[in-house]
Amino acid sequence: MSTASAIWFTSPRQLSFIDVEIGYPGDNQLEIETLFSGISHGTEMLVYRGQIPPDMEIDPSLSTMEGSFRFPIKYGYASVGRVVDMGSRVTDFNRGDLVFAHFPHQTRYLLPQCSATKLPNDIPLQLGVFLATLETAINCTWDASPNLGEVVVISGQGVVGLLITQLLSRGTANMIIAIEPNKRRRELSLKTGASIALDPTANNIDEVVKHYTAGRGADVVIEVSGDPAALDYTIKLAAFQGRIIVASWYGTKTTALHLGNAFHRNRLEIVSSQVSNINPSLVPRWNRNRRMKLAVQLLTELSLLELISDVYPFNQAQLAYDKIDKSNHNVLQVVLQYV
């Protein structure tokens, strides 16, 4: 019987390392030894802070999570590891294969082979932790779907925002305007595809956006800052009949939206973008497996290594979460290293 160590959130902003017995792989299971895992600064940090409605059910697509939002809870979905053993009916993997899985932070675990994604051998291993956020960024890019020649504003240049910037810079958008208070992130944004990067703490950002768009405003605005107050401000940035794509999840945080002026008269559309489901218009051709294959391909094409700002040993995870929690935005992707 194998034993592993797992991170559980036991109360808001507190975690514990709990030993678990994982048994032996069943016929169609893999035994995976974890090498790296990524901490999500969005949903996972809402869970860590206790900012998820306690009666909300865990997303059914994240079947490896345990516990509940009332605490304790084992939560996380960006694990990179190596196959060390397997069941007798496993056909798609070999011992030593490098894999990604939507699994919480745990040193070793069992997983059905259908739930693991094989990683390329020619990339730095820690890049695999980006697959979960890449899925989110791909979905948001599909939901935004700017037409040829249109202007896109992206509010927030954290990891997901920077990934969306890179993806949109490969497509049809004529101009990408990033809005981000942190100087380092604005510099990364310009480096990875933004046309302009603006500081939202400056005055009259909406006037600046209109200046660059001949007075119209942005055709598409993507809100991915995680700050509920930013959503209200995006209304000022959108053009007549423009679309606002909300990729942020605010948990229990609320915001006041002023819908009596620009929103109403400009016939704006607010769309939720969430990773668990794909835009219905794409479903005849796309499913989660095809999307994951695209994300794996993008690991070798996008600028990702420079988005990793901090690497902590697994046993110092509390320090890693604390740093993200108290971040002044200089922190980007934080990775836990297991060996």
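Whether any residue in region 201-216 is out of contact with any His (no Cβ under 6 Å at 6 or more places or on another chain), in a loop (DSSP other than H, G, I, E, B) and in contact (Cβ under 8 Å) with a residue 24 or more places away in the chain is what I want to check. Checked against the condition, which is being out of contact with any His (no Cβ under 6 Å at 6 or more places or on another chain), in a loop (DSSP other than H, G, I, E, B) and in contact (Cβ under 8 Å) with a residue 24 or more places away in the chain, region 201-216 yields at least one hit. Every listed requirement among (1) exposed (fewer than 12 other Cβ atoms within 10 Å of the Cβ); (2) touching a Pro at 6+ places or on another chain (Cβ under 9 Å); (3) in a helix (DSSP H, G or I) is met by Thr254 save one, (3). Scanning region 257-297 for residues that are among the hydrophobic types (A, V, I, L, M, F, W, C) and in a loop (DSSP other than H, G, I, E, B) returns Leu257, Leu259, Leu268, Val275, Ile278, Val283, Trp286. A single member of Gln29, Gln14, Gln106 is at pLDDT 95 or above and over 25 Å from Pro313 (Cβ atoms), and it is Gln29. What strands (runs of 3 or more DSSP E), lying completely within region 87-175, carry at least 1 residues that are among the polar types (S, T, N, Q)? Answer list for region 87-175: 151-155.
Just to check your reading of the model, which residue among Asn315, Asn277 is exposed (fewer than 15 other Cβ atoms within 10 Å of the Cβ) and within 15 Å of the chain's Cα centre (by Cα)?
Working: Asn315 fails: within 15 Å of the chain's Cα centre (by Cα).
Of the residues listed, the single one that is exposed (fewer than 15 other Cβ atoms within 10 Å of the Cβ) and within 15 Å of the chain's Cα centre (by Cα) is Asn277.
Checking the structure you have, find out if any residue of region 8-21 is among the acidic types (Asp, Glu), free of Cβ contacts under 8 Å to residues at least 40 places away in the same chain, in a helix (DSSP H, G or I) and within 23 Å of Ala116 (Cβ to Cβ). Checked region 8-21: no residue is among the acidic types (Asp, Glu), free of Cβ contacts under 8 Å to residues at least 40 places away in the same chain, in a helix (DSSP H, G or I) and within 23 Å of Ala116 (Cβ to Cβ).
The values are calculated or read from the model by the stated rules, or taken from the named source; none is laboratory data. Note that the structure is a prediction, hence the values are computed from the model and not measured. Don't worry about glycine lacking a Cβ; one is built from the backbone with ideal geometry, like all the others, and counts go over all protein chains shown.
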